[in-house]
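Okay, structure first, notes after.
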Amino acid sequence: MYRWLLCWRYLKTRYIALASIISVTLGVATMIVVNSVMLGFTHEMQNRLHGILSDLIFQSRSLEGFPDPDWHMEQIRRVAGDAIEAMTPTVVVPGMLNYQVGDAWMTRPVQIIGVDERTQAQVSDFSKYLQHPENRKNLSFNLREGGYDVIDHQADGPSLPRDEMALAGWEHRRRAARLRKMIEQVQQEPEQQSPSQGAEASPFTNPFERAQTNEPVAAFDPETSQYTGAILGIGLASFRRNGQDHFLLLPGDDVKLTLPTVGTPPRIVSDTFTVVDFYESKMSEYDANFVFVPIRVLQQLRGMIDPSTGKGYVNAISIKLKPGADMNEVRDRLRNAFAPQYYAIDTWRDSQGPLLAAVNMETAILNVLLFLIICVAGFGILAIFFMIVVEKTRDIGILKALGASAAGVMSIFLGYGLLLGVVGAGAGLTLGLLFVRHINEIADLLGRITGHRVFDPDIYYFYKIPTIVDPWTVGWIMAGAMLIAVLASVLPALRAARLHPVEALRYE
Amino acid sequence: MNKLTSTTDGLSSASQETGHLPRSPNGEPSDAHPLVARPHFSLRKHDGSSETLRQSQDLECVDEPAEATECLLSVRGLVKSYRKANVEIPVLKGVDLDVRPGEFLAIVGQSGSGKSTLLHLIGLLDHPDQGAVFLGGDRIDNVPVRIRDQLRNRTFGMVFQFYHLLPELTTLENILVPVMIGRSFWSYWRQRKEYRRRAIELLELIGLGHRLKHRPHELSGGELQRAAIARALINRPQILLADEPTGNLDPETGAEILNLLRTLRDEEHLTIVMVTHDHSIAALADRIVCLSGGKIRNEAT
């Protein structure tokens, strides 16, 4: 009882000791903030990666792909049908994107992905990231009349409006076509339309496919018809300045895609597409790389359709698992069932392993560094505790004279250390949680004071700093801080316990 | 004296071997060592010694109050020296002393004569180089640490020249410190009201009833020493050890403190051993012994 009473009184009267735990407080607060922000980022990133990538990816090791995706899907279903919710075949091929901005042609390297518009939305969050509300509900590669989002529908806070998107759609296409016609008339230079030379050149082109992709065979009037639809990553078509998006292209504009065909050596084919929507996953790596087109068109363009059966080759099959299914277990089952030299079967985590590992590593290193700060604070506590023990030498002598045991005296100082740790960690917890709660306001304030944006949406594609407070992490941080406070008080406490009562009483 | 030695050894070993748990008078099991828990003497009886009982002391009679005997406290051949810078300074060179129950003994000696050292040895704050301390016939200077702590807590009350109250605590809390030390958190918490009442009673007895909530720095020297005495008495010790209790006080206050001690001796059935260098203060005690040259020189009543 006297121990706690004395601990409590020491805590209330020795302010210098409280000063020594400020560093514990700051360390704990920083650790909580850093972990929350890192976890928020990781979580957000994982969510997006997962949303983009689907649970399992069944890939061909060759860009050539494998034939008959239906047969493969049947095999996959036979091996792991109990865990599979949906599958979709995709063709992935690197290529080039060309589009005209004013008089200049822009060329960008891209990843062209052929998707099945009926099943793509079932395996991933693909359609969530589109900019037209109808496309989000029901994916289509036909250009919409209008009604594209003028505000970022994924923003969870205030974001700057994208006024240019209000024009997007047929309206924009018609206006651009009229404008071009006017210019042509003024210049008296009739320009030849060039509908898909590349596709024409492909040996496997099936003329009946054309009708399906809304591409007229005969006279092409850009005011009333479109080329095959393509969904561009938003980063390919826009750039961001001070949180404001500026568009180089809008849905309704035409772009050219160039890609290699199958066969050795591959030839280069090219075709014109009409942008029908933008894809914004907020992962700049994807948003600045991906172009989605209908899988059938891509297969034709690359010559991936087997003329004898009419079935297309595909590169990959994306698989969505049923909720609760063990991703790794299903992956291993599939790996055992398919020849590893032809097929690479990975979970989305596997394929993003290095990125996730890097983020985890970063978090771990930050934690180590910050924990070292708390350890340094421990030495501060040690020094101040030694001083307090020296100052309290006589009191210790009295307590011993009154019958207090060495263990009792020791526990006064250990308890005092623990109490300081609790106060320090508690204050750190409060401070850290408050900081996390108001992190965006604080970032804004710091930005205003320093004139330098702390959190630049140009870089991160998030409007707000994502944070998640994990109670377990917070618990561990608190426990660690308290442990350090107690450990730092062990030496002074031992010294106090070892004091000889007579010498302690004589101490002046 | 030889008899004393032999019987005590027998006692302590027997009680330790059997692990017999002594019961306190109210029937509650007590974790205190028999030496601590047992009221060694009925302090009101001063009817001579009982050799027979002393010889037949065994485990069974530990719980029962022993018959009064000549000495409550005995010191035999106490030798103590201090080392300072590799020079051994002998302080006590074989001190023999007997204190009878209910006695108020004053040990006088010059500064540095070793009287405080003697008191510390009696109060188990230090270990003698040679010799032994007996409490009611049982040797206590070589008991295990836990029992030493309990003896200091329950059997001895200590009063110091510089009062030594804890500056962080109020007067009342200071007085309750020995109670808190001697009891576990819960047993103190359950009976805290009772202990508080006893502390307040004690403070009123020594005339500090109006100073309960004051911190030590708000009290005068006389009040501090009164509070220190109350603290020494809260656990109803048998023996009060006072180390120059008046050393820091003016003669008038010193005399008041001495009178208080005398009153308390009667009311609380105490035995008091006081060391002082002041003969006029010592004159107020029942018996005076003189310590010089590391030995008890003369006795005067």
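A short reminder: the numbers here are calculations on the coordinates, not readings from a lab. All values reported here derive from a predicted model rather than from experimental measurement. As a convention, Cβ positions derive from the backbone with ideal geometry for all residues, glycine included, and neighbour counts pool all protein chains shown.
In the protein assembly as shown, if the dipole is taken from +1 on Lys/Arg beta carbons and -1 on Asp/Glu beta carbons about the Cα centre, which of A:Ile384, B:Ile181, A:Leu257 is farthest to the positive end?
It is B:Ile181, whose Cα lies furthest towards the positive end.
Quick one: what are the phi-derived ³J(HN,Hα) couplings along segment A:143-152, Karplus 6.51/-1.76/1.60 with θ = phi - 60°, whole Hz, x for glycine and proline?
Running phi through 6.51 cos²θ - 1.76 cosθ + 1.60 with θ = phi - 60° gives 5, 8, 5, x, x, 6, 4, 9, 10, 5 Hz.
For peptide B:145-157, what's the mean number of Cβ atoms from other chains within 10 Å of each residue's Cβ? Don't skip to the answer; put the middle values down first.
On the way: counts 3, 2, 0, 3, 8, 2, 1, 7, 5, 1, 1, 3, 1.
Partner-chain Cβ atoms within 10 Å, mean over residues of B:145-157: 3.
Answer with one residue from A:Val293, A:Ala19, A:Phe338: the one whose Cα lies farthest towards the positive end of the charge dipole of chain A, charges on Cβ with Lys, Arg +1 and Asp, Glu -1.
A:Ala19
Run through segment B:200-301 and list the trypsin sites (Lys or Arg not before Pro) located in a DSSP loop whose Cβ has at most 10 other Cβ atoms within 10 Å.
Passing both the DSSP loop test and the Cβ count: B:Lys213.
Would you pull out the residues with amide H under 5 Å of A:Ala230's amide H, same chain only if 5 or more places away, H placed 1.01 Å from N?
Amide H to amide H, under 5 Å and 5 or more residues apart or across chains, A:Ala230 pairs with A:Thr274, A:Val275, A:Val276, A:Asp277.
Scan segment B:165-224 for GluC sites (Glu not before Pro) in coil per DSSP, keeping those whose Cβ has at most 14 other Cβ atoms within 10 Å, and list them by number.
Hits after loop and neighbour filter: nothing returned.
What is the average number of partner chain Cβ atoms found within 10 Å of a Cβ in B:159-169?
Per-residue shielding by partner chains comes out at 5.
Can you give me the long-range amide H partners of B:Lys295? Hydrogens built in the peptide plane at 1.01 Å from N, cutoff under 5 Å, separation of 5 or more residues or another chain.
Excluding prolines and chain starts, which carry no amide H, the hits are B:Lys93.
Rounded, prolate or oblate: which fits segment A:26-163 when a ≥ b ≥ c are the square roots of the eigenvalues of the alpha-carbon gyration tensor, with rounded for a/c under 1.5 and prolate only if a/b beats b/c?
Verdict is oblate for segment A:26-163.
Please state the Cα pair-distance histogram of the protein assembly as shown with 20 angstrom bins from zero: what percent is in each bin?
Each 20 Å bin holds this share of Cα pairs: 13, 29, 17, 14, 16, 10, 2, 0.
Can you tell me which of A:372-381, A:23-32, A:305-314 comes out highest on packing, and rank the rest after it, using the mean Cβ neighbours within 10 Å?
By packing density, highest mean first, the sequence is A:23-32, A:372-381, A:305-314.
Mind scanning A:Lys400/B:Lys213; A:Lys12/B:Lys115; A:Lys256/A:Lys322 and naming the pairs with a C-alpha gap bigger than 27 Å?
A:Lys12/B:Lys115; A:Lys256/A:Lys322
How big is the charge dipole of chain A about its Cα centre, in debye rounded to the nearest 20, if each Lys and Arg gets +1 on its Cβ and each Asp and Glu gets -1 on its Cβ?
Here the size comes out at about 2420 debye.
Provide a whole-number value for the mean count of partner chain Cβ atoms within 10 Å of the Cβ atoms in peptide B:119-127.
Mean shielding by partner chains, rounded to a whole number: 3.
Just tell me, in residue order, which DSSP H segments of chain A are both 27 angstrom or longer along the helix axis (alpha-carbon based) and at least 1.0 in mean Kyte-Doolittle hydropathy.
Values: long enough: A:22-53 (45 Å, 0.94); A:353-391 (56 Å, 2.14); A:406-437 (46 Å, 1.75); A:471-498 (40 Å, 1.32).
Helices meeting the span and hydropathy rule in chain A are A:353-391, A:406-437, A:471-498.
Using amide H atoms built in the peptide plane, which far-off residues or other-chain residues are under 5 Å from B:Leu240 H to H?
Distant-sequence amide H within range of B:Leu240: B:Gly157, B:Thr271, B:Ile272, B:Val273.
Looking at A:Gln226, A:Asn47, A:Asn135, which one has the Cα that reaches farthest to the positive end of the dipole of chain A (charges on Cβ: Lys, Arg +1; Asp, Glu -1)?
It is A:Asn47.
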